[in-house]
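Worksheet: the structure to be examined is printed underneath.
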Amino acid sequence: MSMDLPRRQFDTLVIGAGGGGLRAALQLAQADANVAVVSKVFPTRSHTVAAQGGINAALANVLPDNWHWHMYDTIKGSDYLGDQDAIEYMCRAASHLVLELEHAGVPFSRLDNGKIYQRPFGGQSQNFGGEQASRTCAAADRTGHVILHTLYQQNIRAKTHFFDEYFAIDLIRDDNGFILGALVLEIETGEPLLIEAKTTLLATGGAGQLFRTNTNAHINTGDGLAMALRAGIPLQDMEFFQFHPTGIAGRGMLITEGARGEGGYLINKDGERFMERYAPHAKDLASRDVVSRAIYTEVKEGRGCGPKADHVLLKLDHLGKAVLEKRLPGICETSRTFLHVEPAEEPIPVYPTAHYTMGGIPTNRFGQVVVPVEQGEECIPGLYAAGECACVSVHGANRLGGNSLLDIVVFGRAAGNDIIKFLQNNRYHRKIDENSVQAALDHLHRWDKKGEGESVTEIRADLQSVMEEYCGVFRTEEILQQGVEKVLEIEKRMEHVRLKDHSRIFNTARIEAMEVENLINIAVATVTSALARQESRGAHSRIDYPDRNDKQWLKHSLFFREGRRLDYKPVTLQPLSVETFPPKPRVY
């Protein structure tokens, strides 16, 4: 079976062509490594393209700023669960990397003096918690779009090898624990291909499709996370899922935080600016978890807007049409297209919407995937992860807006640099383990079973409803317990799925089945980790444990698929070169 499989060899296999994967690929291609990038969609359709608000860097173009303040805000934003060494590394690298992007061709918006425009964003301050900072470098409200297109064009120029519309099925590993590449499937022909690589980088993005209403593309099914789980690697901090405060109510399309950064604000049915009650200092620019809980509470207590009183309003009309068209053109368009609302005249209905996976594949600040051993942790040789699928943990329990685009370029580059070192010391391909290849092929061929059975579409819809209802903005023991049971029932149903379409050419039903299987693996990790964490921290709000508990819970969770086992590891409180920021109460 596996012997007649077509095979290709590369120095590095990058799975995922978003900002993290492309930034790493560029670093490698420029160092003359032979790089393959596998993407299940055309690269510029990767989800980085949808990032709106901007990328954080303490350039101080608008207001005084420095990386140390940025570091403090990120740690406070993370509710002290972020690793301070990685956060320092990211905030120090930020300015240099934003200028590098500018030189690569990213068309940032400009100030009158020609410098990069920076807007205020949530949870950001000057002077360690003082006045509001302007740190988020923006290209109108299409920052992710221009970064992704620029990185793609630079990779074309550097002759990176792209496998467009290929779906990654499973990692291949040998008995010594080395990762040797992956089995992938060409979507167009339905033919499997083995890509052998000395190093493999997972850059497959998040898993927002876990929830019914989300801001993510249909492709965000956490494929890399599930591949890691199946390869015996744990997932870290999966209980922390960010709900963005301002998704379009009931639809999920994102209204960037930049809308509040430019001076928009939230109101309830009485026309009251309610954020002043929840975050008297930062108001509408408190961190995302704080604003989401405030909106949820307003609606629950009967102050919601609309005929069903099920949302609040984002008011932008006072900014004037000229400012909105210049600074937020995409938001104006989205609002007109999907709501027939003209933001310069009337407010936009918004409600918290599933947005970002803070947890993921555990890595260190070099992008190496790490697993716990008796004395600390060790790297899995040849395996790296970067971007939303990775958990370096620079975001801890809650990510600050503007730090995700930063995360992908900083750690995409860091992974690229470490891979270059690894390749210098490991010049040759290791012998492929045919048993591992066969196991991956068996996983693919499981979908060839014929007969009557469950439908993938129904299972996906049921999973998303369960996650939304039982693992949402506010959580309790009882609700999470039911959530675990329901997700495990759905996992059992997956065994009985049969496809109606067995064609090979462009069989999207088979791809969707594998995506839903991936989502179920991740859902189990998410609800299990959430049930175990008996405290409220960042985006994980337990009504039954309303306080953060640093004595017991200042630690990262690790979920292993085998036996649904949970383990924990300490948070790194020691930065690289400055004093630690010890945990303290978090007020905005």
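The values are calculated or read from the model by the stated rules, or taken from the named source; none is laboratory data. Just so it is clear, the model here is predicted, and its values are computed rather than measured. Glycine also receives a Cβ, built like all others from the backbone with ideal geometry; neighbour counts cover every protein chain displayed. For the accessible areas, the whole protein counts, side chains as well, though only heavy atoms, and no ligand, DNA or RNA atoms are used. Shrake-Rupley method; radii C 1.70, N 1.55, O 1.52, S 1.80 Å.
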Check your understanding: Roughly what would the spin-label model give for residue 495 and residue 110, points 7 Å off Cα along C-beta, in nm?
Key -> 6.4
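Please report the net charge: other residues with Cβ closer than 12 Å to the Cβ of residue 577, K and R +1, D and E -1. All intermediate terms of the calculation are to be shown ahead of the outcome.
Details: positive: 92; negative: 85, 88, 579.
Value of the local net charge: -2.
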Exercise for review: Please report the Cα spread of segment 264-329 along all three principal axes, rounded to whole Å, starting with the longest.
Suggested key: 36, 30, 17
Study note, to complete from the structure: Sequence order, segment 243-249: Karplus ³J(HN,Hα) from phi using 6.51 cos²θ - 1.76 cosθ + 1.60, θ = phi - 60°, Hz rounded, Gly and Pro as x, gives 9, 6, x, 10, x, 4, 3
Review point. For the chain, what's the relative contact order in percent, using C-alpha pairs closer than 8 Å and at least 6 residues apart?
Key: 22
Practice item. May I ask you to compute the full-extension gain from residue 482 to residue 567, defined as 0.36 nm times their residue separation minus their alpha-carbon distance, rounded to one decimal in nm? Key: 28.4 nm
Review point. Under the Kirkwood approximation applied to all pairs of distinct alpha-carbon atoms, what is the hydrodynamic radius of segment 1-147 in Å?
Key: 17.2
Exercise for review: For segment 339-480, state the semi-axes of the equivalent ellipsoid (square roots of 5 times the eigenvalues of the alpha-carbon gyration tensor), sorted largest first and rounded to whole angstrom.
Suggested key: 35, 28, 17
Point to revise | For the chain, convex hull volume per residue from C-alpha positions, Å³ | key: 147
Check your understanding: So what is log10(I(q)/I(0)) for segment 113-221 at q = 0.12, 0.13 1/Å, when the Debye sum runs over its Cα atoms only?
Key -> -0.74, -0.83
Check your understanding: Can you give the extra length, in nm with one decimal, that the chain gains between residue 577 and residue 99 once fully stretched, where that is 0.36 nm per residue apart less the Cα-Cα distance?
Key -> 169.7 nm
Check your understanding: For a paramagnetic label modelled at 7 Å from the Cα of residue 161 toward its Cβ, which residues of segment 35-62 fall within the zone defined by backbone nitrogen distances under 15 Å?
Key -> 35-39
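Rounded to the nearest whole Å³, what is the per residue volume of the convex hull around the Cα atoms of segment 223-356?
Values: hull volume 17.7 nm³, N = 134.
Spelled out: Cα convex hull of segment 223-356, divided by residues, is 132 Å³.
How many times 2.2 N^0.38 Å is the alpha carbon radius of gyration of segment 310-398? Mind showing how you got there, number by number?
Numbers: Rg = 21.1 Å, N = 89, 2.2 N^0.38 = 12.1 Å.
Taking N as the residue count of segment 310-398, the ratio is 1.74.
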Exercise for review: May I ask which of 76/198; 486/551; 300/569; 449/492; 159/421; 40/76 have a Cα-Cα span longer than 28 Å here?
Suggested key: 76/198; 486/551; 300/569; 40/76
Check your understanding: Largest first, how would 67, 447 line up by accessible area (1.4 Å probe)?
Key -> 67, 447
Exercise for review: Beyond 17 Å, what share of the Cα-Cα pairs of segment 1-64 is found? Please give it as a whole percent.
Suggested key: 59
Practice item. Would you mind calculating the gained length between residue 128 and residue 445 on full extension (0.36 nm times residue separation, minus the Cα-Cα distance), in nm to one decimal? Key: 108.6 nm
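Tell me whether segment 394-457 comes out rounded, prolate or oblate; compute the Cα gyration tensor, take square roots of the eigenvalues as a ≥ b ≥ c, and use a/c under 1.5 as the rounded threshold.
Numbers: a/c = 4.61, a/b = 1.31, b/c = 3.51.
Cα axes put segment 394-457 in the oblate bin.
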**Study point:** Spin-label pair residue 323/residue 468, simplified geometry with 7 Å Cα→Cβ offset, distance in nm
**Key:** 3.4
Check your understanding: For segment 63-127 and segment 287-339, what is the separation of their Cα centres, given in Å?
Key -> 25
Review point. Between segment 47-61 and segment 157-227, what is the C-alpha centre distance in whole Å?
Key: 25
Review point. Quick one: in segment 456-571, what % of C-alpha pairs are over 21 Å apart?
Key: 45
Point to revise | Near-label residues of segment 152-196 by backbone N, under 13 Å of a point 7 Å along Cα→Cβ of residue 435 | key: 173-177
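Which value at 222 nm does the chain reach when only helices count, each DSSP H run of 4 or more adding -39,500 (n - 2.57), with the total divided by all residues and rounded to the nearest 500 deg cm²/dmol? Please list the in-between numbers first.
On the way: 16 runs with 203 residues, N = 588.
For the chain, the value works out to -11000 deg cm²/dmol.
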Check your understanding: Quick one: how many Å² of residue 111 are accessible to a 1.4 Å probe, rounded to 10?
Key -> 40
Point to revise | Beta bridge orientation in the chain: antiparallel %, DSSP, nearest 5 | key: 65
Review point. For segment 437-533, what's the relative contact order in percent, using C-alpha pairs closer than 8 Å and at least 6 residues apart?
Key: 38
